[in-house]
Amino acid sequence: MSILELFLIAVGLSMDAFAVSVCKGLATRQLRCRHYLIIGAWFGGFQALMPSLGYLLGSTFESYITAIDHWVAFVLLCLIGGSMVKEARSDDEEAGADNSSFAFKTMLLLAIATSIDALSVGFTISEYGWLMALAASLIIAVVTFFICMAGLRIGKKFGTQLSGKANILGGVILIGIGLEIFITGVF
């Protein structure tokens, strides 16, 4: 597997996390440096953790995990997206409220939901040595880190223009991502 192939895999794997980062940017009233680091670290970290876990599990548990991964991502993203829509609708009167959450629980659920598909990369690289698995995980982490930081910024730019409806849009997008993962996983 070449560096170019690893880079392309990393970009492909980071797209769900990028979309969620855009949603977080949409819903955040004021971005700080720590928000970029939180987004990059959570999503990049989990995008590196999952292939490593897949590598360690090898093909032993592959059929069990791939049978339910789309369900897990679908449920988590729908719950978080639904919560965002609900909060946005109930907080309409609070014009200055920042409805996005960078809390541990929220970020953990989002990171898991967007990185489950990276397990399959770990299964694929299990036939290579541990050095290739480590290199792949690191490349995936770095690429995801920067792509998600860019997604947060892009979301903020559009969120400012959308004003109060950004949180609702972000929630609907998360539900849509969950639905897309589910449909792709089932069919």
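The values are calculated or read from the model by the stated rules, or taken from the named source; none is laboratory data. Computed from a prediction, not measured in an experiment: that's the story for all the values here. Cβ: placed from backbone, ideal geometry, glycine included. Neighbour counts: every protein chain shown. Each accessible area value is taken on the protein alone, full model and side chains, heavy atoms only, with ligands, DNA and RNA left out. Shrake-Rupley method; radii C 1.70, N 1.55, O 1.52, S 1.80 Å.
Would you calculate the convex hull of the Cα atoms in the chain and tell me its volume per residue in Å³? Walk me through the intermediate numbers first.
On the way: hull volume 19.6 nm³, N = 187.
It comes to 105 Å³ per residue, whole-number rounded.
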TODO: Pop a pseudo-label 7 angstrom from the Cα along the beta-carbon direction at both Tyr128 and Glu5 and give the gap in nm to one decimal.
DONE: 0.7
Task: Rg [Å, one decimal], Dmax [Å, integer] - the stretch 1-69, C-alpha atoms - done: 15.0, 45
Open item on the list: For the full complex of protein chains and a 1.4 angstrom probe, list Tyr64, Tyr36 by accessible area with the highest value first.
Closed with: Tyr64, Tyr36
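Largest first, what is the accessible-area ranking of Ile68, Ile116 with a 1.4 Å probe? List each step's numbers first, then the result.
Working: Ile68 95, Ile116 20 Å².
Of Ile68, Ile116, the descending order of accessible area is Ile68, Ile116.
Mean Kyte-Doolittle of at least -1.0 and a Cα length of 18 Å or more along the axis: which whole DSSP H helices of the chain meet both? Let's see the in-between values first.
Working: long enough: 3-27 (35 Å, 1.78); 33-57 (36 Å, 0.92); 62-90 (42 Å, 0.76); 130-162 (46 Å, 1.48); 166-186 (30 Å, 1.99).
The answer, listed by residue number, is 3-27, 33-57, 62-90, 130-162, 166-186.
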Task: Solvent-accessible area per residue, Å², over the chain with all protein chains present [probe radius 1.4 Å] - done: 50
Open item on the list: Within the chain, what whole-number % of the accessible surface is contributed by carbon and sulfur, with the 1.4 Å probe and all protein chains included in the calculation?
Closed with: 70
